[in-house]
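Everything on this sheet refers to the single structure shown next.
Every read-out reported here was derived from the displayed coordinates using simple, explicitly stated rules and does not represent laboratory data. Note that the coordinates shown come from a computational prediction; the quantities given were computed from them, not determined experimentally. FYI the Cβ positions are ideal-geometry reconstructions off the backbone, even for glycines, and counts take in every protein chain you see.
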Amino acid sequence: MRVSALSTGSGPRRRPSAARVFFAFGLLCALAAAPELRARAAGLDGKLPVVRRVEILGNRSLEDGALKSRMRTKSARFYHLIGGPRYRPDMLRRDVRTLESFYRSNGFFEARVSIDTVIVNEKRTSARIRLVVSEGPQTLVAGVSFAGQDVVREPELRAGLKLTEGRPYNPGLIESDRYTLFSKFFERGYLGSAIAYETSIDSLDARLRWEISPGKPVDVRRVRIAGTARVKESLVRRELTFKTGRPFEAKRILDSKQNLYDTGYFNSVDIEPDSIDLDARKVDLVVRVRERKMGYVETGFGIGNVYGSRVFGEWGQRNILGRGYVFSLKTQYSFQLFPNSDYSLANIDLRSKYIRNDGQIQFPRVLSTGNTFAIGAFYERDATVEPNIVVDQGFALSLSRRFTRKTSGLLRYSLEDIERSGTDVELSRSRRRALGANFTRDARDYYFNPRQGGYFAVEGGVAGGFLGGEDNDYSIVGSVQRYARAGGSTVFAWRVRAGYARAFGDSRAAGLPLERRFYAGGGNSVRGYRENSLGPVNERGDPVGGGVQIITNAELRFDLPYLKRWNFGGALFLDGGNVWNEASDVAFGDFGTIGTTSASREEYMLSAGAGIRYNTPVGPIRLDVGFPMRRTPDMGDDRRVHISLGQIF
């Protein structure tokens, strides 16, 4: 007879047997009595006492924090008003063994840790623990040498090793270092490398000698493709940077994997040796892929400062005609839910601030090159700079190329028809013919929330002149961003962004069109000020933008104490920036004192503030409060609140 734990039929319900009820009752009683049983086993009556303090004496080389972080026995914090970590003798004994093992991993092979005292108060509600450490002498690595190879230079061999001169000697790290050394030869195609080691310890000095036999490099003999169904095998092979008959290189394997992921065809990609013949110095490789659905629909919702709240969607096909062509349709609708950051229900506004529709088809590896050619059409309505509205529609051709995994470039030509309305509009409608190019180098460790690395981008463009059309202007914009760890999980990040644009020819009198001007101020540029409020204004006080922009940001990002477990972080920031009509309007005196409320529009504006981050897989939800340190008389706000999704840079 089969007994089901869950019945969904319409028959009569069976009552649980008396044996099951008795077993469940006994289990609950045992769980409830467990703390009291542990307390009695420890010679204590009632509940286990709360650990109020853990003191460690005798540790000269390793700090208290490093030792306590490895203990399961914790002391109560200030927020433990009721209850807290309990004293368990068995857990404390395990902590002693853990600390001794930690000392040995740092070269203290004679270290001993003992429980000196455990003082429990009269009411047996709290306990104070004292541990005593006898460190003994420390064994350090005195020398590391290499023999048997001349393929890799010694400085490169040493890079990444954990056991080097001056570091604590830990035998447990030898295998890790051997793997590191093997990977250096594997990257160069020496798949049959043999690496042995010899250690000698004299008193407190440890010496390590590596014997390396690299063997001979191997060539790629055959490449087999596995896992394809709808994607042609030729589309996979065209993305591979390694070729049969050429030396095996790990870098080319990684580049090939990245190329295959970039196509969008696959959920997973693995490239590994299928067989290795060291005598013949040949390796067969297998490329295993798992295909994605070629057709897709994506939707989303975002929050920002420039475009406000936005809803977007995309439909596409990744493999048109089985030739790898990519077709996509995109739409985005944005609205300022709370205009001017006035967070009240009465101020909700669902009118559109930005609309964009795109259609594009891409031709990867056009003419058997590494370039991607794309042709598309677009419609855009931009009302983010009040009270102006710019409607731009047209066609665009582009040619892009990824030079390395970190660098890429793009060349773009567009034919546009532009309508403008609002204030200070010199040309309400124009035809634009533009050519633009950009180059980027992205060395950040994580796109959504970087902690180290850097980002560099430069973009230039020209319209009119020999290209034709009614708009004649050119521009160049550069941005540098850097990220560095400042201890633990704290990150120091900074950005410098500068731009220059100018009208020429028949457009010189009218100046730059609205959509080509720079603006500054707000949650994505200089916090503490209204969106796009910095720089020149007209007689009504509306921002009109300018041809020169400088923005600087510095930010310290860190985990919030006691809230890290719930993914909360914090930030302190210092922002600066402004917009000027011409380069001649920028003067050294504009970068002056702070704390003034009578600054001019030409002065470099500064702000400082703090923020809270809630970290998500697609970047943090960001809430910042900025305080202007320089204000003009018409700037009435002494602080601004900014809410957005994603880091400011």
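At-a-glance table
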quantity: Long pairs among 257/293; 282/406; 162/243, criterion Cα-Cα beyond 29 Å; calculated: 282/406; 162/243
quantity: Set of aspartates and glutamates with alpha-carbon distance to residue 251 below 17 Å, sequence-local pairs under 8 removed; calculated: 156, 187, 219, 239, 262, 270, 272, 284
quantity: Percentage, to the nearest whole number, of Cα pairs in the chain over 46 Å apart; calculated: 44
quantity: Span-rule helices in the chain, defined as complete DSSP H runs reaching 30 Å or more along the axis (Cα) with Kyte mean at least -0.5; calculated: 18-41
quantity: 21 Å Cα-Cα reach of residue 123 towards lysines, excluding residues that sit fewer than 8 places from it in its own chain; calculated: 47, 74
quantity: Helix-derived mean residue ellipticity, 222 nm - over the chain, DSSP H n ≥ 4, -39500 (n - 2.57), to 500; calculated: -4000 deg cm²/dmol
quantity: Which of 294, 71, 605 has the fewest Cβ neighbours within 10 Å, and the rest in rising order; calculated: 294, 71, 605
quantity: Beta bridge orientation in the stretch 434-645: antiparallel %, DSSP, nearest 5; calculated: 100
quantity: Order of 165, 272, 386 under a 10 Å beta carbon neighbour criterion, fewest first; calculated: 272, 165, 386
quantity: Residue 554-residue 439 pseudo-label distance in nm [points 7 Å out on the Cα-to-Cβ vector]; calculated: 2.9
quantity: Spatially proximal aspartates and glutamates relative to residue 330 (Cα-Cα < 17 Å; intrachain offsets below 8 disregarded); calculated: 298, 314, 358, 380, 382, 392
quantity: Added length on full extension, which subtracts the Cα-Cα distance from 0.36 nm per residue, residue 402 to residue 275; calculated: 42.6 nm
